[in-house]
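To keep things clear, I will list the structure first and then write my remarks on it.
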Amino acid sequence: MSVKFSATRRGVICGGASAGLLSLALPALGQTAWPEREVKVIVPFAAGGGTDLVSRLFAQKLSDRLGKPFFVENMAGGTGGSIGSRELARSTPNGYTIGSGTSSGIVAAAIDPGPYNPLRDLEPISRYGATTIVLVVSPSMPVRTFAEFVAYAKTKPGLTYASSGIGSANHLTGVMLAKQAGLELTHVPYKGEGAAITDVLSGTVDMIFVSLPLGRVHMESAALRPLAITSAQRFPMFPDLPTFVELGFADLIVEAWYGLYVPKGTPDAIRDKLVAEISAIRRDEAVLKQLIEQFTFDARGQDDPEKFRAYMEAELARFRAAALAAGLAKS
Amino acid sequence: MSGDLTSNILLGLQTALQPDNLWFCFLGVLLGTIIGVVPGIGALTAIAMLFPITLHLQPTSAIIMLAGIFYGSSYGGSTASILLNVPGDPNAAATCLDGYPMARQGRAGVALTLVAGGSFIGGSVGILLMMAFSPLLASLALKFGPPEYFALMTLGLLAAAIISEGSMVKGLAMVLLGIFLGTIGTDVYTGIERFTFGSPSLTDGISMVAVTMGLFGISEVYATATDRAENVARQSKITFRSMLPTWDDIRRAAPAALRGTGVGAILGILPGAGSTIAAFMSYSLEKRLSKDPSRFGRGAVEGVTAPEAANNAADQTAFIPTLTLGIPGKPTMAIIMGALMIHGIQPGPLMLTQKPDLFWGLVMSFWVGNLLLLVLNLPLIGIWIRLLTIPYKLLFPAILVFICLGVYSVNRNPFEVWTVLAFGGLGYVMRLYGFPIAALLLGFVLGPMVEENFRRTMIIARGSPAIFIERPLSAAILVLAVLAVGIAVFSGLKRRRAAFPVAE
């Protein structure tokens, strides 16, 4: 395990070094020149989904600011968007193919390090922002607070929770809570969060750890009862909802974040420009409003690529531990 | 309540009939029709491509246009099914079964007219249901838990066996082959990959679009390429009269369209079921109800109108879970929902009260759209039939290219082009030796759903199969399934007994 990790890190350092060399060798490229033509933004998920919408928002702003079209190309498929992300990794690192990625890529890599790992295969630029996961229960459950839930779950072992699939963030959050609170919960996987929440709405399944953008309307209409949230701090949109950290689970923080990546070897000048531009866009009032109100973001991004990388590595380690605990991890 | 409905209809009409919205509605259904007619290029591709443009439109106009493309493509999809035996869209595959034989009898115009009528009935009744019973139907969708899905999909599999032409053994074999192909991909419950041979392109399973377009579309291209005989559809003369169905046609087609609408409306509400299944299920229902099932596959008008009514009804009712629960049942709905969200509108239980103008405007625009489609499609029939005058050596290579493009554009994965070509080869061999293609497709689509929902039910019920009969809805559907098998076996025995004296 530790050997594997250092290997990954060495790969990353080598990648960074070669990127540096490349930009030394090509001084003409970058600085003011880029972008001279249109830039392709690979989104490894289907059109109309959360990643797609957030990526389109940023692509639009990049086009406006840099004067060349940034166009989104959807390339869905594979666990954690591995098909599109691998295509991005294979692209020429000249700044004309960039792409989005999400926490689901890290979760997938934590379970199966083989096929795709954003830290190994790509160069992270910045984090657009993150949304979070909420524990919601069917109103047929006789619990109003998290404490009541724990007491109830202890008397009734085997309460069911739905998820968007085995090894998804919704699933691993359940694994983490069950382990840390000493509960026996039964996992019911679905193909996608939409199908999963349907059976919780009808009371067929007892609960779901749902991503906030999907769960929100059902919380607002009181069709589902929220008990706790997995963000580090209370969420601005639901200030009354306690975090798991407050409830005594210091390690139960699960964020669903979105970020920008480039292929390894992309010149430094282009990377720096992207970092600066994304940072400026995230501070735009209108963008911020849209991120918070439409995408249910907490608007805390990350503009320092090194900090973003360190954060991703910590996340990978945490999810790896959860995956090992659940017996899901592949070597 | 009824006064409420009237004011809602007026509010909706006010929105739908605004010149802007009317224009986008027309644009949407026109685009949808064209995309539907061209084999391979489906509504999903078109909507995904046009989605970025809609970000610059008013939300209501944007959704009206995207929705128009979606249900418009169902109207157009049957055209190529009837004229060329190549479905324009997967959900028009069932229409090939009797539509193409009609065209070969010189009745292409009649088939197209009946399809336009059937589609209109299906679409309109679907909208009526949506207007009157949206909240109720949404709660019906919620009543469909894993046991109900299992029961319904089992019924569907039995229907797949009934649908098959000729040999029962060949039909069952193809259902099983379909189920096997459906198991390819990642297992939902263990995350273990089955039969993927380590290929990332197979981890999500084989694409349903590629399988359908290969089996039904590409195989026809191969067949035409190898068949030197003039074994093609023809239409002697294109006159107004030649497009008019006979009284007998209408007598048979009208009730079939209504039954198809019922099947489609119910399956459309259920996320994941979809209009392709609705079309095949209503086809097999018609065959089952018919006094003379042998007419099917030889140009029975019921076999054309019922599936078309079903897929159009399903397309309309598919909006119910999307708009009232915020749960998209299929990828096209996910894009439409995304278009709403980017305009700051959260589809869900609160949308009816928070955005009544948008909801009712959209519903009323469906009426306008369906009417436009009917008006648009009847005169177009003459033009479509003229397509047949294009030499096949020009037409079929073009179709091949369109199908490959269409399949590629869904995920931009070249692997799917190989898949569609391979399934074209399989479909061609199956036709040569008389294996039923529809049975394979239904096994492929329904098999994984049966397994997935059975295992889910077992997890929820902690391994007790009693849940299937304890839940009234699943019990009722399973009783239907048992009845269907019983009747099939009984009538089979009766036919065999009746056949003996003749043999002696």
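Here, each number is a calculation from the coordinates, and none is a lab measurement. A quick note: this is a predicted structure, and the numbers were derived from the prediction, not measured. Here the Cβ is made from the backbone with ideal geometry for all residues, glycine too, and neighbour counts use every protein chain on show.
Which aspartates and glutamates have a Cα lying under 19 Å from the Cα of A:K273, excluding residues fewer than 8 positions away in the same chain?
A:E36, A:E38, A:D64, A:E123, A:D284, A:D303, A:D304, A:E306
Restricting to DSSP H runs of at least four residues, report the calculated mean residue ellipticity at 222 nm for chain B, -39500 (n - 2.57) per run over all residues, nearest 500 deg cm²/dmol.
Roughly -24500 deg cm²/dmol at 222 nm, from the helical runs in chain B.
Taking amide H positions as placed 1.01 Å from N in the peptide plane, with prolines and chain starts having none, which residues 5 or more places from A:N74, or on another chain, fall under 5 Å of its amide H?
The list, which skips near neighbours in sequence, is A:V43.
Name the trypsin sites (Lys or Arg not before Pro) in the stretch A:133-229 that are in a loop by DSSP and that have at most 15 other C-beta atoms within 10 Å, would you?
Working: sites: A:R144, A:K154, A:K179, A:K191, A:R216; in loops: A:R144, A:K191.
In loop regions of the stretch A:133-229 (DSSP not H, G, I, E or B), the sparsely surrounded trypsin sites (Lys or Arg not before Pro) are A:R144.
Other chains' Cβ within 10 Å of B:424-431 residues: what's the mean?
Neighbouring Cβ atoms belonging to other protein chains average 0 per residue here.
Calculate one ³J(HN,Hα) per residue across the stretch B:127-137 by plugging θ = phi - 60° into the Karplus curve 6.51 cos²θ - 1.76 cosθ + 1.60, and present them in order as whole Hz with x for glycine and proline.
5, 4, 4, 5, 5, 7, 10, 3, x, 5, 5
Quickly estimate the mean residue ellipticity at 222 nm for chain A, helices only: each DSSP H run with n ≥ 4 gives -39500 (n - 2.57), and the total goes over all residues, rounded to 500. Walk me through the numbers on the way to the answer.
On the way: 12 runs with 149 residues, N = 331.
Computed ellipticity for chain A at 222 nm equals -14000 deg cm²/dmol.
Pull up all non-local amide H partners of B:I327: gap of 5 or more, or a different chain, and H-to-H distance under 5 Å with H placed in the peptide plane.
Residues meeting the criterion, in which the H sits 1.01 Å from N, are B:T322.
Taking the Cβ-Cβ separation of B:R386 and A:A314 as r and a Förster radius of 60 Å, what is the calculated FRET efficiency to the nearest 0.05?
0.35
If the convex hull of the alpha-carbon atoms of the stretch A:132-229 is projected onto planes in all directions, what is the mean projected area in square nanometres?
Average projection, Cα convex hull of the stretch A:132-229: 5.3 nm².
Within the stretch A:81-123, name every residue whose backbone N is under 17 Å away from a label modeled 7 Å from Cα of A:E73 along the Cβ vector.
A:82-101
Please check chain B for the longest run free of chymotrypsin sites (Phe, Trp or Tyr not before Pro) that are loop-located per DSSP (anything but H, G, I, E, B) and have at most 13 other Cβ atoms within 10 Å.
After excluding every exposed loop site, the longest remaining stretch is B:1-194.
Quick one: order A:R127, A:R309 by neighbouring beta-carbon count within 10 Å, fewest to most.
In increasing order of surrounding Cβ atoms, one gets A:R309, A:R127.
What residues qualify as long-range amide H neighbours of A:T186, i.e. H under 5 Å apart, gap of 5 or more or another chain, H built at 1.01 Å from N?
Counting only residues 5 or more places away or on other chains, the set is A:G158, A:L159, A:T160, A:Y161.
Quick check: the angle from helix A:146-155's long axis to the longest principal axis of chain A, C-alpha only, nearest 10 degrees?
Compared with the principal axis, the helix lies near 60 degrees.
Which whole-number percent is the relative contact order of chain B (Cα, under 8 Å, 6+ apart)?
Working: 939 pairs, mean separation 143.5, N = 504.
Reported as a whole number, the value is 28 percent.
Just to confirm my numbers, what's the Cα centroid distance between the stretch B:96-172 and the stretch A:307-324 in Å?
48 Å
Measuring from centroid to centroid over Cα atoms, what is the spacing of the stretch A:252-279 and the stretch B:292-343 in Å?
Result: 40 Å between the Cα centres.
What's the long-distance tail for the stretch B:43-148, i.e. % of Cα pairs beyond 24 Å?
Everything past 24 Å amounts to 45 percent.
Out of A:K156, A:K273, A:K289, any idea which swings most in a Gaussian network model of chain A, alpha carbons joined below 10 Å?
Looking only at A:K156, A:K273, A:K289, the biggest GNM fluctuation is shown by A:K156.
Lys pairs in chain B, Cα-Cα under 20 Å, at least 8 apart or on separate chains: how many?
Value for chain B: 4.
Take A:D121, A:D251 and order them by how many other Cβ atoms sit within 10 Å, fewest up front.
The fewest-first ordering by Cβ neighbours comes to A:D251, A:D121.
Using only the Cα atoms of chain B, what are the Rg and Dmax in Å?
Over chain B's Cα set, Rg and Dmax evaluate to 22.1, 76 Å.
I'd like the antiparallel share, as a percent to the nearest 5, of DSSP beta bridges with both residues in the protein assembly as shown.
Close to 60 percent.
Could you check how many percent of all C-alpha pairs in the protein assembly as shown are farther apart than 54 Å?
Here the tail beyond 54 Å accounts for 12 percent of pairs.
Note down the magnitude of the dipole of the protein assembly as shown about its Cα centre, charges +1 on Lys and Arg C-beta and -1 on Asp and Glu C-beta and zero elsewhere, to the nearest 20 debye.
On the way: 64 positive and 56 negative charges, 306 e Å.
Rounded to the nearest 20 debye, it is 1460 debye.
Once each part is reduced to its C-alpha centroid, what is the distance from the stretch B:37-90 to the stretch B:175-229 in angstrom?
Going from one Cα centre to the other spans 23 Å.
Please get the size of the charge dipole for the stretch B:18-503, origin at its Cα centre, with Cβ charges of +1 on Lys and Arg and -1 on Asp and Glu, quoted in debye to the nearest 20.
1240 debye
With θ taken as phi - 60° and the coefficients 6.51, -1.76 and 1.60, list the Karplus ³J(HN,Hα) couplings across the stretch B:209-219 in order, rounded to whole Hz; mark glycine and proline as x.
Once θ is set to phi - 60°, the couplings for the stretch B:209-219 become 5, 5, 5, 5, 5, x, 4, 8, x, 4, 4 Hz.
Which of the GluC sites (Glu not before Pro) across the stretch A:243-331 are loop residues per DSSP, with 15 or fewer other Cβ within 10 Å?
A:E246
Looking only at other chains, what is the average number of their beta-carbon atoms within 10 angstrom of each beta-carbon in A:194-202?
Mean partner shielding for this stretch: 6.
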